[in-house]
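*Asks:* Below is the structure I would like to discuss, written out as structure tokens.
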Amino acid sequence: MTIQIVDSVENRSFDNYVTIKLNDSLYLFHLVYLRDNCTGKESFHGETHQRLIDIFNDIDLEKDLNGTVVVEGDELVVKWFDGHISRFTERWLLNHAYYPEKNVINNKAVKLPNRITWCKQEFNELKQASDHFKNDYNHINDDSTKKIIFNEIYQYGFTLIDNVPVSLDATKEVSELISIIRPTHYDTGVWDFTSDLSKKDTAYTSLAIDMHTDGNYWYETPGLQLFHLLLHDGQGGETRICDVAHILKLIKDKANEDESWQETLEILTKQPIEFHQSGESENVFIENRYPILQVDKDGELIQCRWNTSDRTSMLKGTKYPVNEIYRAMARFNDLINDTDNYVRFPLAPGTILVFDNWRVLHARTAFNGKRRLCGSYLTRDDFLARYRSLLFNREQWLESV
Ligand SMILES: [Fe+2]
């Protein structure tokens, strides 16, 4: 493998580029990109992998983005007119090639696995066919079990861990295995509550709670949630969970066939909806910038925010007609409450449920008797960082950044 310089153009600073041939494929690199991403030790910290050069302040972008590009050994070398020299190995160039698109190599080795969506039937098939969602607390520190737990949370949006001691300490231990506990005004560590209305929220009652995600009134919504039932001496209180990634697929399918569902999809993914938490005067939270379904550039779900109890009455100045917003919300509500689309099960002391609060809706049926539930909110970023480190070593990741 050798680098061949095929073409280069010099005109205005940001437009300058060099085209190289590597492994019979052509790759174009803009000189501004090469200067910004110079791998030399003056420009790049070898241990922190942070950029040391600041092209926006350190150089004159109009004058200094020009130089002589040559091949020396297996390196592409840019001898900049201001005296600086940048070197790029073939491996680096292949790893970072961004254009033309058809030649770009996807670093699949360091991609997290695809998410797997589920409806009730698919959930039941998964449960019957394999060992999914059957993790044992006594093995949570084994790498293989840990990997399954993290995989299940990432791929399916939830996991279950059995044989957990029925205690706050064990709940904290499992929480901290998965991520960092996210403190809130409700609690700063593992929360522990009964239906005593100690906080002014329906979670602290014995009432049924509809399908929802938590913390829609926060900018920093909890990434994951963990539940552990410590005691229940009555009836009811069953949990329901629903995969919104699956619901989004259903909505897209309908939108492909029916124009009115196209509008529903657009409203659900674009119209911001306001949520609030106003039960306590010193803790009033309002967030109004996000749609119910936040999606990425490919239309895949980033985050669902939904809790009809916490939705405010404000619909002033909406882009879409209010009646259409209600039609879209009603359709979403119908889908998430369709018995084909959710699973329902009782929580039990000794079993911990962990779920992705950005993807999986949860609900609770009404109950009677004394019920004590504990759990935690967990940060999403730390879960993802730990997950990456379980799947790949640092060197593998660093090649992809
Ligand atoms: Fe909740």
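The values are calculated or read from the model by the stated rules, or taken from the named source; none is laboratory data. In this text, all values refer to a predicted model and were calculated from it rather than measured experimentally. Here Cβ is always computed from backbone atoms with ideal geometry, including for glycine, and neighbour counts include all displayed protein chains.
*Asks:* Name the helices (runs of 4 or more DSSP H) wholly within region 35-129 that hold at least 1 residues that are on the phi < 0 side of the Ramachandran plot, surrounded by 12 or more Cβ atoms within 10 Å (Cβ to Cβ) and in contact (Cβ under 8 Å) with a residue 24 or more places away in the chain?
*Replies:* Result: 90-96, 120-129.
*Asks:* Only one of (1) in a loop (DSSP other than H, G, I, E, B); (2) modelled with pLDDT of 95 or more fails for N323. Which number is that?
*Replies:* The one condition N323 does not meet is (1).
*Asks:* Of the residues D338, D382, which single one is under 25 Å from R305 (Cβ atoms), free of Cβ contacts under 8 Å to residues at least 12 places away in the same chain and in the same structural domain as K146 (by TED's automatic domain parsing)?
*Replies:* Residue meeting the stated conditions: D338.
*Asks:* Quick check: anything in region 154-177 within 16 Å of the ligand (Cβ to nearest atom), in a loop (DSSP other than H, G, I, E, B), under 25 Å from I336 (Cβ atoms) and under 24 Å from the mean Cα position of the chain (by Cα)?
*Replies:* Yes, the conditions are met somewhere in region 154-177.
*Asks:* A further question follows. Of all residues in region 204-232, which are among the hydrophobic types (A, V, I, L, M, F, W, C) and either surrounded by fewer than 16 Cβ atoms within 10 Å (Cβ to Cβ) or within 16 Å of the ligand (Cβ to nearest atom) (or both)?
*Replies:* Listed by number, the residues that qualify are L207, A208, I209, M211, W218, L224, L226, F227, L229, L231.
*Asks:* Now a separate question. In contact (Cβ under 8 Å) with a residue 24 or more places away in the chain, in a loop (DSSP other than H, G, I, E, B), in contact with a helix residue (DSSP H, G or I) (Cβ under 7 Å, 6 or more places away or on another chain) and within 16 Å of the ligand (Cβ to nearest atom): which single residue out of S376, S309 fits that description?
*Replies:* Checking each option against the conditions leaves just S309.
Okay, residues lined up against (1) out of contact with any Phe, Trp or Tyr (no Cβ under 8 Å at 6 or more places or on another chain); (2) surrounded by fewer than 18 Cβ atoms within 10 Å (Cβ to Cβ):
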| site | (1), (2) |
| --- | --- |
| G234 | no, yes |
| N256 | yes, yes |
| E274 | yes, no |
| G279 | yes, yes |
| N288 | no, yes |
